[in-house]
Structure formats: C-alpha cells, structure tokens
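Worksheet for the structure shown next.
The values are calculated or read from the model by the stated rules, or taken from the named source; none is laboratory data. All values derive from a computational prediction rather than experimental measurement. Here the Cβ positions follow ideal geometry from the backbone for every residue, glycine too, while neighbour counts run over all protein chains shown. Just so you know, the surface numbers come from the protein's heavy atoms only, side chains and all, with ligands and any DNA or RNA stripped out. Shrake-Rupley method; radii C 1.70, N 1.55, O 1.52, S 1.80 Å.
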Amino acid sequence: MERRSFLTGLAAGSAFVIARPALVLAQTAPAPAAPPPPVFTLPKLTYAYEALEPVIDAQTMRIHHSLHHQAYVNGANAAAGQWEALRTTPIETVLADLSVAPDNVRTAVRNNVGGHWNHSFFWELMTPGGAQQPGAELKSAIDGAFGSMLELVQKVNQAGATRFGSGWAWLVVDKDKKLAIVSTANQDTPLELGAKAVLGVDVWEHAYYLKYQNRRPEYLAAWWKTVNWDKANENFKKAMA
Ligand code: MN3
C-alpha cells in the first residue's frame, strides 16, 4: 500500500473516527475524585494466630483480629468520612473526651474508634512465651496497691467476670498516678476515665466463646499466661512519666 492511500484509508476508516473523539473526551473530562486514604488500618499481629494456643485458640484469634477488629477499623473510617476532624485529631485525644465529637457521629466514634484502640492495645499486650512476671518497678507498685500479684490477678478476674454483657477489665494508672482496677462496658476505653492502661483483657464473648463457651472465669484465669509483661512494664513507665 502506498503512503497516500494508507492515510486516506485511515481517515475514512471507522477505527480512526471512533478513536479520535474518545481521545478528546479523555482529555477534557474531569478526573474522578480519589477517595481519601483510610485513617485507620488493622495492625498486623507480631505473632501467628496459633501462637497463643492452648490459652487462646487459633480460630478465635483469626476471627477476632481479621473480622471483629477489621469491622471496628471500617466503622472508624466511616466515622472519619462524616467527621473530618477525626482524620487529624490524635485517637487518644478523641477517646479521652468524646464530647468533642459531633452528636451524629459520637456513638460511632465511641464504639468503633474505641474498639480499634482497645484491640490494638490488647494484641500488643499478649505474646507467646514472654516474661512470666512484671518488672521490679511494676511489681513493687502492684504489691503496694493490692498486696500481691495474686491479689491483682483475682481482682482483675473479678472485674472481668462481673462485667455484665460485653466489655473489658483493666489495670490502669489513674488520674492520681495510682494503680487501680476498672471495668468498661462495650468498647469504652479507660482513656475516658482519665486513666492510662497498663493491662487490659477483652471479656466480650467473641474473645473466648469458641473454646470456653460460658466459662468466662476459666478464660480469665488462663489469659494471664499470655500477658506480655515487657509491654505492661512499658505501659506502666509511660503512664507514670
Ligand atoms: Mn474483642
């Protein structure tokens, strides 16, 4: 084919006619607005789902982390879509004073941002095969506040066992820099009480039901074997600083 007839053929061909307006359209149409990146993301665990066996079974860990915690993350991002300030305000500032949240998102923030904070804290507080006891500083504070480690364990377990419905039991440093045991409902956090968490245990049924069914006290008693005391020591030092 000669060059001249090739060009003529192109100009008359349907492919050319269709392609050219499409190109013009692509250049002039406004680019669709990209959705803002998510503010909250599911943290990766530093251990495998089966690592806390036999205390917490792998299936419970998988469902709890990849589905329950992910749902709180999704809910928190949805709340950030409705309340722009949530994208930039530190999570602990928001949870310490939920009155800063607008009325229409406050419950979503309490439940989902609270759930995200609580679970992020919880995963880090557990570890396979860590130290079995608190460090000297924390141990001496525990002995001073409760008499002994055994007393602490009993009181936290009692707070968890008697939390009606769903919630958490916590060892915290309170506003007066004293160790205290508190329990929160649902996904409420100790931050709201002006306290800083040292230890916390999830007593929602989703945390233990597959293995322990209705035996929450048995789960609580076993849970202490998973505690990451290095992390608890670090939480205590930060809270006292
Ligand atoms: Mn949970």
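Here are a few things to note about the model shown:
- When each of Q132, Q154 is tested for being open to solvent by 70 Å² or more (accessible area, probe 1.4 Å) and more than 24 Å from T184 (Cα to Cα), the lone residue that passes is Q132.
- Selected residue [farther than 20 Å from V182 by Cβ, away from the ligand (no atom under 16 Å from the Cβ) and touching a residue at least 60 places away in the same chain (Cβ under 8 Å)] from A131, A141: A131
- Filtering the stretch 188-199 to residues that are surrounded by fewer than 24 Cβ atoms within 10 Å (Cβ to Cβ) and within 17 Å of G165 (Cβ to Cβ) leaves only D188.
- Hey, N112 open to solvent by 60 Å² or more (accessible area, probe 1.4 Å) and in a helix (DSSP H, G or I) or not: no
- Applying the condition of being within 16 Å of the chain's Cα centre (by Cα) and of a type in the set (G, A, S) to the stretch 191-218 and asking which residue is nearest to the ligand (Cβ to nearest atom) yields A207.
- Highlighted here are the helices (runs of 4 or more DSSP H) found entirely within the stretch 32-105 that include at least 2 residues which are closer than 30 Å to Q213 by Cα: 58-63, 70-82.
- For the stretch 69-90, the candidate set comprises residues that are open to solvent by less than 50 Å² (accessible area, probe 1.4 Å) and of a type outside the set (G, A, S); within that set, the residue that is modelled with the lowest pLDDT is T89.
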